[in-house]
Amino acid sequence: MWTEHTHESMDLSNGCTALGIAVALGEIDMPSDADVMHDRSLYSSVASCSSGVELDQAQVVVVGNATGVGGRYRIGHSVMKDALDQDGIWAAIKDAGLDLPERPRTDDLDGRLVNVFLKCEASQDGEVRGRRNAMLDDSDVHWHRQIKACVGGVTAAVTGDPAVFVSVSAAHQGPDGGGPVAAIVDLG
């Protein structure tokens, strides 16, 4: 048993799974054991991995667009570079197929955004854009809760809708302090 701490176990499980996905997709070369949870420059830009003691079996869900398949919904993805990266959210929405202006605003969505799914992680250096935060060493509230609230708020401000799904423990899922974004849009 590596740890009995559930948050550390979740982080390690998600990180290892994301690295496996990154290797399988050719995003990175096989990492060494020393790289796991330490070299945060190694990540998948598309993996979103979840684990926890509440799960009793493995499940894999793959979402994407299939060529030739009709329907009005499309999914796009991008990566947030950090917890405040609004452009990463807009890039996922644009990648899903919405034609938006160069500097979009909430009103430009015109009700066509179905939902946004994000993974997030507190940056291991304890900073966001050069500013210190107390997420990693706050003895009152675990960083999982704080970063989830931060990224959820940023995303709601971008989309104008608080109905977004934000998941934490994004080790090796996007760059350190950031994470992958998937947006589903209704093209009508």
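The values are calculated or read from the model by the stated rules, or taken from the named source; none is laboratory data. Bear in mind that the values here come from a model prediction, so they are computed numbers and not experimental data. Cβ sites come from the backbone with ideal geometry, for glycine too, and all protein chains shown count toward neighbours. With ligands, DNA and RNA removed, areas are computed over all heavy atoms of the protein, side chains included. Shrake-Rupley method; radii C 1.70, N 1.55, O 1.52, S 1.80 Å.
Of the solvent-accessible surface of the stretch 118-166, computed with a 1.4 Å probe and all protein chains present, 49% belongs to carbon and sulfur. With the charge dipole of the stretch 59-167 set up from +1 on Lys and Arg Cβ and -1 on Asp and Glu Cβ about the Cα centre, the Cα lying farthest toward the positive end among the listed residues G68, Q124, T159 is that of G68.
In terms of its C-alpha gyration tensor, the stretch 1-77 has an oblate overall shape, because the principal axis ratio a/c (a ≥ b ≥ c, square roots of the eigenvalues) is not below 1.5 and a/b does not outweigh b/c. Were the residues from T106 through A66 laid out at 0.36 nm apart, the gain over their Cα-Cα distance would be 11.6 nm. Here's how it looks for M80: its modeled amide H is under 5 Å from those of G179, V181, which are all 5 or more places away or on a different chain.
Once you have the Cα-Cα distance between Y73 and D87, take 0.36 nm times their residue separation minus that, and quote the gain in nm to one decimal.
Fully extending the segment from Y73 to D87 adds 2.9 nm.
What is the stretch 46-188 by shape, rounded, prolate or oblate, if you read a ≥ b ≥ c off the alpha carbon gyration tensor as root eigenvalues and call it rounded for a/c under 1.5, prolate for a/b larger than b/c, and oblate otherwise? It comes out oblate by the Cα gyration axes.
Counting heavy atoms of the protein chains alone, F165 has an accessible area of about 110 Å² for a 1.4 Å probe. The H on the amide N of S167, modeled in the peptide plane, is under 5 Å from the matching H of L118, K119, C120, each at least 5 residues off or on a different chain. Mind running the shape call on the stretch 30-127? Use the C-alpha gyration tensor, a ≥ b ≥ c as the square roots of the eigenvalues: rounded below 1.5 for a/c, prolate if a/b tops b/c, oblate otherwise. Oblate, since a/c reaches 1.5 and b/c is not below a/b. Surface analysis of the stretch 19-97 yields an accessible area of 65 Å² per residue, using protein heavy atoms and a 1.4 Å probe. When the residues H5, H144 are ordered by accessible surface, computed with a 1.4 Å probe over the protein chains alone, the sequence from largest down reads H5, H144. The dipole here belongs to the chain: it is taken about the Cα centre, uses +1 on the Cβ of Lys and Arg and -1 on the Cβ of Asp and Glu, and is about 620 debye. Loop-located trypsin sites (Lys or Arg not before Pro) in the stretch 77-183 (DSSP state not H, G, I, E or B) with no more than 14 neighbouring Cβ atoms inside 10 Å: R105, R129. The heavy atoms of C49 present about 10 square angstrom of accessible area, all protein chains included, probe 1.4 Å. Near K81: Cβ cut-off under 11 Å, other residues only, Lys/Arg at +1 and Asp/Glu at -1. The net charge is -3. Here the stretch 1-75 is assigned +1 on the Cβ of each Lys and Arg and -1 on the Cβ of each Asp and Glu. Its dipole about the Cα centre then comes out at about 620 debye. With Cβ to Cβ distances under 14 Å as the rule, what net charge do the other residues near R132 carry (K, R +1; D, E -1)? Surrounding charge for R132 is -3. Of the residues P175, P101, P162, the one that moves most in a GNM of the chain with alpha-carbon contacts below 10 Å is P101. Computed 3J(HN,Hα) for the stretch 107-117, one whole-Hz value per residue from the Karplus formula 6.51 cos²θ - 1.76 cosθ + 1.60 where θ = phi - 60°, is 4, 5, 6, 6, x, 8, 7, 8, 5, 10, 10, glycine and proline marked x.
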